[in-house]
Each structure stands twice: as C-alpha cells, then as structure tokens.
Amino acid sequence: MFSADITEYYLEHSRPTLTASSTTSLNVPVIESWRCIDIRNQVIIRGRIFNHPKYPAGKSLKSSPIQGCLTKAGRVYVTTKNSMYELGTPHSDCANDVLDWLNYTDHQPIEKVTYWGE
C-alpha cells in the first residue's frame, strides 16, 4: 500500500455532502487536515485528531502504519494494527485536488488504449 492508494480510495469513496444527520459514523476518532506519508515501505497518516478519549481535540497525530481502508455510507476509515480512524477533510495542500475531483462532473471510465507502430 502506498500513500497514493489511500488518497485515491478516499477520492473514490467519500461523499462531499455528508452531514451529521445524513449518515451514521462508526464513532471512532477522526483525523482532520490529514496527509499520507510513505516511510520505509509503509504508509502513515499525519493530521489533527478529534473525538479521541486520550487526546485533546486538534492534537497533532502521527498514526502507526496503515493496514487497510474501508468505507461505510460515504465515510472513509483507515485501520492500523490496533486502531481505526475516520478520515475527515484532507490537509489544505491536498484539499484543492480533492475538491477539484469531487466537483468534476464528467466522470467516465478510463479505457486502456494500445498504440501500434506507425
């Protein structure tokens, strides 16, 4: 797994119009302003943690290596060996790319094209 895999998964499975009443969260800590970082063939997430019983809201967090991703009702979650986190809004450095993708309405499947010699 690479950081691009998690970002792509987030883009494909998150819903930009979620509201507190529109879907139910799994009630796990949420990482806001997050970035994925590749370190020694592993991916970690850095961001600000919210809804965590041990840390104050907004504390900077570095996760342990990410082991998987899942989605439920438009919310995206990542798992580590011992924890699960919901991914909130990506860091502002990444957010424009995410918003551009989510607002792009001409989503069409990409087809493989083979070019033969001329």
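The values are calculated or read from the model by the stated rules, or taken from the named source; none is laboratory data. Quick caveat: nothing in here was measured; it's all calculated off a predicted structure. We place every Cβ from the backbone using ideal geometry, glycine too, and count neighbours over all the protein chains shown.
Things to note:
- Residue check for Ser33: small (Gly, Ala, Ser), at positive phi and at pLDDT 85 or above: yes
- Criterion violated by Cys36 - all others in (1) without any contact (Cβ under 8 Å) to a residue 12 or more places away in the chain; (2) in contact with a helix residue (DSSP H, G or I) (Cβ under 6 Å, 6 or more places away or on another chain) satisfied: (1)
- Contacts under 9 angstrom Cβ, first residue in region 60-72 being farther than 20 Å from Ala4 by Cβ, partner part of a strand (DSSP E or B) and of a type in the set (Val, Ile, Thr), 6 or more apart: Ser60/Ile49; Leu61/Ile31; Leu61/Ile45; Leu61/Ile49
- Out of Tyr55, Tyr77, one residue alone is among the aromatic types (Phe, Trp, Tyr) and either at positive phi or part of a strand (DSSP E or B) (or both). It is Tyr77.
- Tallying residues that are of a type outside the set (A, V, I, L, M, F, W, C), out of contact with any Asp or Glu (no Cβ under 7 Å at 6 or more places or on another chain) and either assigned to a strand (DSSP E or B) or under 21 Å from Asp93 (Cα atoms) (or both) within region 36-52 yields 3.
- Flag if Ser60 is at pLDDT 90 or above, part of a strand (DSSP E or B), surrounded by 13 or more Cβ atoms within 10 Å (Cβ to Cβ) and of a type in the set (Gly, Ala, Ser): no
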